[in-house]
Amino acid sequence: MQLEDLERIAKLALRELGAGNPPIRIVAEPAERWRLEVGGQEPLTMTIRAGSGTTPQFIREQIFNQFGAR
């Protein structure tokens, strides 16, 4: 999974969730994990598992689940 792919998928999922187009920051972490920070001053932080072979649907589901649990 490339940073650009994850960013594109995250932006689309957030729009579907009604979040509009908030600023996002994505940081690679060990073990095929990514930290996704959504928003400005007090960002919502999500941890996304995504490696080679990960489908966009799996990433979308993770974002939906973590965004809904906030």
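For the residues Leu36, Leu14, the requirement of being in contact with a helix residue (DSSP H, G or I) (Cβ under 8 Å, 6 or more places away or on another chain) and either assigned to a strand (DSSP E or B) or hydroxyl-bearing (Ser, Thr, Tyr) (or both) singles out Leu36. Scanning segment 39-70 for residues that are part of a loop (DSSP other than H, G, I, E, B) and either touching a residue at least 40 places away in the same chain (Cβ under 8 Å) or touching a Ser or Thr at 6+ places or on another chain (Cβ under 8 Å) (or both) turns up Ala50, Gly51, Ser52, Thr54. Looking across segment 46-63 at every residue that is surrounded by 14 or more Cβ atoms within 10 Å (Cβ to Cβ) and polar (S, T, N, Q), the one that is modelled with the highest pLDDT is identified as Gln62. Restricting segment 18-43 to residues that are exposed (fewer than 12 other Cβ atoms within 10 Å of the Cβ) and of a type in the set (A, V, I, L, M, F, W, C) leaves a set whose member that is modelled with the lowest pLDDT is Ala31.
Restricting Pro56, Pro30 to residues that are within 13 Å of the chain's Cα centre (by Cα) and either small (Gly, Ala, Ser) or closer than 15 Å to Leu3 by Cα (or both) narrows the list to Pro56.
If the condition is being farther than 21 Å from Arg70 by Cα and surrounded by 14 or more Cβ atoms within 10 Å (Cβ to Cβ), then segment 1-17 contributes only Met1.
The values are calculated or read from the model by the stated rules, or taken from the named source; none is laboratory data. From a predicted model like this one, the values you see are computed outputs, not experimental measurements. In this analysis, Cβ positions are derived from the backbone assuming ideal geometry, glycine residues included, and neighbour counts consider all displayed protein chains.
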